[in-house]
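Some notes on the structure that comes next.
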Amino acid sequence: MEYEIQKHLHYAGIPSFNRYPVTRELDGVDIAIMGVPFDSGVTNRPGARLGPRAIRNMSQLTNCFAYPWDYKLSQKAKIIDYGDVGYYVGADATRVMLEATYEHAKKILDAGCKLLTLGGDHTIPYGMVRAASEKYGKLALLHFDSHQDSTPTTDGNVSHANFAYDLQAEGCIDPSHSAQVFIRTEMTECGYNIFHAQDAVFMDMEDLAGKIKAVIGDMPVYLTFDIDALDPSAAPGTGTPVVGGPSSAQVRKLLYSLRGIDVVAADLVEVLPAYDHSEITALAAATIAQDLMYLMYNK
């Protein structure tokens, strides 16, 4: 009886994501969860390097529940916590992160696993998108954010504002079949279908999901979720908050309504624990991270 009770006590134990086994053995694995504690690309408040740890810690609570999904993911899928990669210090930090995330993502995807990456700032998708594109071909990017992150990189100075431009310019992403959702800032236009927050927040989420599905079609999807897509009232713990976004309930309804799209890999980024009052950002992030895994497994 003592041990039966312990698994329901969320404040104790080693906080891997949802207490999944920490291993790099990929045989038979459906989904691998990889942390990237990197924030050298931020242009406002730093601290997202601590995001993976905060999300893992909160997952002890949030991942106990399947709602609104009709089955318990942990009872059907083989899921592991792959641990953290791509962290370094000094002038080579960004180069090391880009190389390491690509190498590990390639290893995971080539083993037949789906990949969920926890950031870290929004510089991190490069390696995972490149590896996914090598395996699956050109990808549809489904990008939830308040920012477009589509400023071209100049002089090799990669930041969290560049990946959406750079990766479509490289040919990894087909912008015509990609969607940027809840956008409420302006950056370089490079062919993405943009669902601005002023419109999207006031739509029925099932209708919005239908419009997104029509854009994506049957393409393989890389889904990237910046926690600042949420309104700061729901996610204050982030580096560059922008008012006017959706609630966590709206986002969960939207993700649930997107089931059936072919998500091959995903990331969740920009959780900044130092600004996270009452841990509500980490709470939202851990819950949404599980929703992303349902989308990957549900296909």
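So which chymotrypsin sites (Phe, Trp or Tyr not before Pro) in segment 166-265 pass both tests, a DSSP loop state and at most 13 other Cβ atoms within 10 Å of the Cβ?
Sites meeting the loop and neighbour criteria: 202.
Let me have the 222 nm mean residue ellipticity of the chain computed from DSSP H runs of 4+ only, each contributing -39500 (n - 2.57), with the sum over all residues rounded to the nearest 500.
Value at 222 nm, helices only, nearest 500: -10500 deg cm²/dmol.
P(r) tail for segment 14-78, what percent of Cα pairs lie past 16 Å?
Here the long-distance tail beyond 16 Å is 58 percent of all Cα pairs in segment 14-78.
Please compute the per residue accessible area over the chain with all protein chains in place, 1.4 Å probe, rounded to a whole number of Å².
Per-residue accessible area for the chain comes out at 41 Å².
Give me, ordered by chain and number, the residues 5 or more places off residue 139 or on other chains with an amide H under 5 Å from its own placed amide H.
173, 174
Which length gain, in nm to one decimal place, applies between residue 27 and residue 211 when the Cα-Cα distance is subtracted from 0.36 nm times their residue separation?
Result for the pair: 62.6 nm of gain on full extension.
Can you list, bin by bin at 10 Å, the percent of alpha carbon pairs in segment 201-299, starting at 0?
That works out to 16, 47, 30, 6, in percent per bin.
Quick one: putting +1 on the C-beta of Lys and Arg, -1 on the C-beta of Asp and Glu, what dipole do you get for the chain around its Cα centre, in Debye to the nearest 20?
Magnitude of the dipole: close to 700 debye.
Over 24 Å, how big is the tail of the calculated P(r) for the chain, in percent of all Cα pairs?
46 percent
Could you compute the net charge surrounding residue 211? Neighbours are other residues with a C-beta less than 11 Å from the C-beta of residue 211; K and R count +1, D and E count -1. List each step's numbers first, then the result.
Numbers: positive: 213; negative: 199, 204, 206, 207.
Result for the local shell: -3.
Check every DSSP H run in the chain and write down those whose alpha carbon atoms cover 24 angstrom or more along the long axis and whose mean Kyte-Doolittle hydropathy is -0.5 or greater.
93-110, 280-298
With the full set of protein chains in place, find how many percent of the accessible area of segment 124-269 is carbon and sulfur; take the probe as 1.4 Å.
That share works out to 49 percent.
Mind ranking 257, 278 by accessible surface for me, highest first, 1.4 Å probe?
Values: 257 15, 278 110 Å².
Listed by decreasing accessible area, they come as 278, 257.
Going by Cα centres, segment 8-59 and segment 194-221 are how many Å apart?
28 Å
Take every Cα-Cα distance within segment 35-151, group them into 10 Å bins from 0 onward, and report for each bin the whole-number percent of pairs it holds.
Spelled out per bin, shortest first, that is 12, 38, 38, 12, 1.
Normalise the Cα radius of gyration of segment 112-209 by 2.2 N^0.38 Å (N = residues in it) and let me know the number.
Expressed relative to 2.2 N^0.38 Å, the Cα Rg reads 1.09.
The values are calculated or read from the model by the stated rules, or taken from the named source; none is laboratory data. Bear in mind the structure is a predicted one, so any value in this text is a computation, not a measurement. For neighbour counting, all protein chains shown are included, and Cβ atoms are generated from backbone atoms with ideal geometry for every residue, glycine included. Remember, those area values only see protein heavy atoms, side chains included, never the ligands or the DNA or RNA. Shrake-Rupley method; radii C 1.70, N 1.55, O 1.52, S 1.80 Å.
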